[in-house]
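The structure appears right after this line, and notes come after that.
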Amino acid sequence: MRVELINIVKSFGALRAVDGISLTVGEGEFFTLLGPSGCGKTTLLRTLAGFYQPDEGTIRFGERVVNDIPAHRREIGMVFQNYALFPHLCVFDNIAYGLRARKIPKTEIADRIGRIIKSVQLEGLENRPPSKLSGGQQQRVALARALVISPQILLMDEPLSNLDAKLRLSMREEIRRIQKDLGITTIYVTHDQEEAMAVSDRIAILNRGRLEQVGAPREIYYRPESLFAAEFMGSSNIIEMDVKGYDQARSMVLAEAAGQSFSFSGPKPPGARVLLSVRPEWIRVVAGPADGEKNVFSGTVLSSAFLGSMVRYRVSGPGGKPMVIEVHDAEQENIRKDGETLWYKLPADRPLMIRD
Amino acid sequence: MRKPFQAWNIILIATLAILFFAVLYPLLYIFKASFISTDTGAFSLKSYATFFKYPYYLRCLGNSIFVSGLSTLLALALGIPFAFFLARYRIPGKNIIRTLGTLPLILPTFIGAEAWLLLLGRNGLFAKGLQGLGIEMPSIYGWKGIVLVFTLQFFPFVFLMVSSALNAIDRSLEEAATSLGSGKLRVFFTVTLPVVTPAILSGALVVFFLCIENFGVPVLIGEDFRVLSVQAYNEFISELGGNPAMAGALSMILLAITLGLTVFQKHWVERKNYTMTSLNPIEVKRLRPLPTFLIWLFCAGVVFVALFPFAVVMISSITKTHGPVMYFGQFSLENFIRAFTIAPRPIVNSFFLATTSTLIGIVFGIVVSYLLVRKKGAVSYLLDLLVMLPLAIAGTVQGIALAATYNKGIIVLTGTWMILVLAYFIRKAPYSIKTTSSLLQQIDPSIEEASISLGVPPVRSFIRVVLPIMLPGIIAGAIIMWVTTLAELSTTIVLYYGPWATMTVEIFQRIGSGDFGPASAYATILILSVLIPLFILNRVSGRDLASSL
Ligand SMILES: Nc1ncnc2c1ncn2[C@@H]1O[C@H](COP(=O)(O)OP(=O)(O)O)[C@@H](O)[C@H]1O
Ligand SMILES: [Mg+2]
């Protein structure tokens, strides 16, 4: 089912926790709300679920406006951050809870639970109380309980944040698999950008109750539209430069920072200064300022760390702010010591400019 | 626009209405009545003028403060060392001493008074025995007896509060002081004592409050020594038709004191409490045999003196009696046979009223706890205030207020059993609300939301998922409500009428007429009805029964 939010506002006293958000989530889409803690993700999700009444705006499920429909009649599956399993009921009864509320015949309940238990791989645990389950198992019960009622929409609020790192990886794949199998419209909340990129069809980046950018993971990663989006999605070096000219014919911007010049492709910048976002893995370490090589900068190594798949340098950057540079597959790399000078080349053919 | 939690809003309004009519309105009513002249019906300050003009009334106030203050000091003198010895030293039979040490506070005070009358009253066992030996005991009647009973029954409050403060002290705290070069005594006076001082102060305030609001003890052994609560009752009930204005004025003065104490406790003392989570409790020390024996003697002695009288009451119940004369040593079941066959009505009444008001109190308590914990808002502050208000009102005052308010007019309750039920559940529900609301606080709200999102409406969600989790706490709260209602005297004595006399009223009246045998039989039934459920609760849930009071 399609979900449409039109200009939703939800305030707590003077604080506008959700501050005018409009979105459309398509049928069967895995849509993620991503943002730092306190940006309003939970508030928005709870407004969708019907636990909060929006102060302004319209919520539509399909064609139907649901603002006035109470939470228990919204036909939503919800997975809570702490799972919210009923501690006095066993796994089977937890999952059966929503079906029994719908007065579904016993045989059908058994049948549907049998299927969902299989799909979330909880066979044999039907009679356990939640307190006797591991974190991952509790997570599966919560998911099964939300899905067994065949909701039109699935809402999940940081469902993996209480699991350890390894389990988080496998659970997120599983969630994605089940979601695809069922084709259920899913709105997922997380503050972990990697997790968001791994599971989502599209991501909405939230900041202080407002949308920063909505798009597919790659779109946001490669074309962040704002400083916030660039810094939040992966790590990024933000360099501020003065615009020195524009080559209309080749669509090249000529810019300069700390006396070093840099030309790169892109549209004509509107002002005299530009903000560039350069991902650490786009920067290439070079031997020295070879003749003819353009866009080569130098800096002093502040620190370096060997991380297995890469070496990560922190180098003094052209704006004075340190730059992060990653060199992948570093077996042959001659790792520079702190204080040495490092020469590096910025990419000229990437979309680098961001809206401030 | 339709609001999602509408059902709860209706419940909130209904709850506030009940509290308004049962608690606040009656107080306002007697407040007003205290300013209305009984003769002319016009506004008048005569009652208050009378109070402050005649030494007779002022002396009641003075007496109240005197016995309460003295009892508080003595309760501290017993309770503090009792707590300290039990917390710090190895004593034989410590667990039994600790458990028995908390018992006095759940045993009805007026039965304690009866017991001391049996021992040291005019026909008392000891009094007569000592007289035979030519020793004249000081009279138990008057302030001495009151102070004796108060001290022995209320010292456990000091003991409990001080022990929990002592147990919360981490070993490192005293070790730090020692390592900074303090000797043992210095550590005690500069570290330990200051840290437990707020608890001592809390305990003292609670004891003072309980003494000043108590009715049963001073009315039974005070005789000519009049205190405020007894005087207010006398003015209200007086055979000459009573003086509502004077009763109102006395009630207001008593109310001002109890409210003042409560506010002081809430806003001063409780805030001063140091909260510490003790990781390593202080080591329990083994002393040499002689000091160990002396400490044991003190603790066991206190417990014995506090509980022995209740044993005497139970023995009296199976002793042959003739009016006030007890034939100790000659056993007979006559008192019980009479209680069960000739006059069983008070027993039935007590059980019926306690059970009915507890059942209502359970529902009320659950609803109020839910509103307080889950539906926090501007109104919940008011709700909290109203629901806890009865804890700050003397039983006599609450009885007088209710009886005066619903005596005439549209709703007449005075003279029905319903007013007793109303008074009971309003007065006892706060105990269960304290337990259930702290339990509810630990239950994550998302459990309810999960149920709602699975299609179950809010109120039904609460009943189906939250209630079952809270059940043990609810049962514990219900037992506390039930036993304290059963033992209630001060409100009952004002509100009951003829056929609805309870066991407590029966005991009270029989002691008054010197009919000790039957009084002891009812008292024994009462003691057992209080102790057995608490014992079972303790066994089943391992709860410290006293912690709920
Ligand atoms: N019930 C509430 N009452 C008052 N403020 C709230 C409430 N819930 C959330 N907030 C505030 O709204 C903002 C957004 O909160 P939330 O939606 O929980 O953020 P997130 O889930 O993104 O971490 C925060 O500043 C938070 O303190
Ligand atoms: Mg959140």
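Applying the criteria of a DSSP loop state and at most 12 other Cβ atoms within 10 Å to the trypsin sites (Lys or Arg not before Pro) of segment A:270-356 yields A:Lys294, A:Lys337. The simple spin-label model puts a point 7 Å past each Cα toward its Cβ; for A:Glu333 and A:Lys244 those points are separated by 2.9 nm.
For a test of the definition: using alpha carbon positions, the gyration tensor, and the 1.5 limit on a/c, classify segment B:34-313 as rounded, prolate or oblate. It comes out oblate by the Cα gyration axes.
Separation of segment A:188-204 and segment A:292-325, taken as the distance between their Cα centroids, equals 29 angstrom. Within a straight-line Cα-Cα reach of under 19 Å, A:Lys132 can be paired with the following aspartates and glutamates, leaving aside sequence neighbours fewer than 8 residues apart in one chain: A:Asp93, A:Glu123, A:Asp164, B:Asp444.
Cross-link reach is defined here as a Cα-Cα straight distance under 21 Å, omitting same-chain residues fewer than 8 places apart; for A:Lys294 the lysines meeting it are A:Lys244, A:Lys268, A:Lys345. Distance from the alpha carbon centroid of segment A:29-75 to that of segment B:70-139 works out to 65 angstrom.
Under conditions of 4 °C and 1.567 mPa s, segment B:288-445 yields 64 µm² s⁻¹ as its translational diffusion coefficient, taking Rh as the Kirkwood radius over Cα pairs in the Stokes-Einstein equation.
A helix-only calculation puts chain B at -22000 deg cm²/dmol for mean residue ellipticity at 222 nm, using -39500 (n - 2.57) for each DSSP H run of at least four residues, averaged over all residues.
Normalised size of segment A:235-354, defined as Cα radius of gyration per 2.2 N^0.38 Å with N residues, equals 1.07. Across chain B, Cα-Cα pairs more than 30 Å apart make up 55 percent of the total.
Residue by residue along A:84-90, Cβ atoms of other protein chains within 10 Å of the local Cβ number 6 on average. When the inverse distances between all different Cα atoms of segment B:365-511 are averaged and flipped, the Kirkwood radius reads 17.1 angstrom. Projected onto their three principal axes, the Cα atoms of segment B:457-549 cover extents of 57, 30, 18 Å, largest first. Kirkwood analysis of the Cα pair distances in segment A:3-231 returns a hydrodynamic radius of 18.2 Å. Counting other Cβ atoms within 10 Å, which trypsin sites (Lys or Arg not before Pro) in segment B:100-152 have at most 15 and lie in a DSSP loop? Those satisfying the criteria are B:Arg122. Modelled this way, with points 7 Å down the Cα-to-C-beta line, the labels at A:Phe306 and A:Ala110 are 6.2 nm from one another. Take the Cβ atoms of A:Glu4 and A:Glu194, set R0 to 35 Å, and the FRET efficiency comes out at 0.80.
Using C-alpha pairs below 8 Å separated by at least 6 residues, the relative contact order for segment B:34-313 is 32 percent. Across segment B:404-457, counting alpha-carbon atoms alone, Rg and Dmax equal 18.9, 51 Å. The mean sequence separation of alpha-carbon pairs under 8 Å and at least six residues apart, normalised by the residue count of chain B, gives a relative contact order of 21 percent. Annotation for B:Leu133 and B:Ser332: the two label points, set 7 Å from Cα along the Cα-Cβ direction, are 2.9 nm apart. Averaging 1/r across all pairs of distinct Cα atoms in segment B:1-94 and inverting the result yields a Kirkwood radius of 19.3 Å. If R0 is taken as 41 Å, the Cβ-Cβ distance between B:Ser164 and B:Asp224 corresponds to a FRET efficiency of 0.55.
Counting only DSSP H runs of at least 4 residues, each contributing -39500 (n - 2.57), and dividing by the residue count of chain A, the helix-based mean residue ellipticity at 222 nm comes to -7000 deg cm²/dmol.
Residues B:Met246, A:Met310, arranged from fewest to most other Cβ atoms within 10 angstrom of their Cβ, appear as A:Met310, B:Met246. Loop-resident chymotrypsin sites (Phe, Trp or Tyr not before Pro) (DSSP state other than H, G, I, E or B) in segment B:448-549 with no more than 14 further Cβ atoms inside 10 Å of their Cβ: B:Tyr497. Three principal axis extents of segment A:1-128 based on alpha-carbon atoms, in descending order, are 48, 32, 25 Å. Working value for the protein assembly as shown: equivalent-ellipsoid semi-axes of 72, 33, 28 Å, each the square root of 5 times a Cα gyration tensor eigenvalue, largest first.
Once the Cβ-Cβ distance of B:Phe52 and B:Ile463 is raised to the sixth power relative to R0 = 35 Å, the FRET efficiency obtained is 0.05.
Quick note: the coordinates plus some simple rules give every number you see, no bench work behind them. In this text the structure is predicted, and so the values were computed from the model without any measurement. Cβ coordinates were reconstructed from backbone atoms using ideal geometry, including for glycine residues, and neighbour counts include every protein chain displayed.
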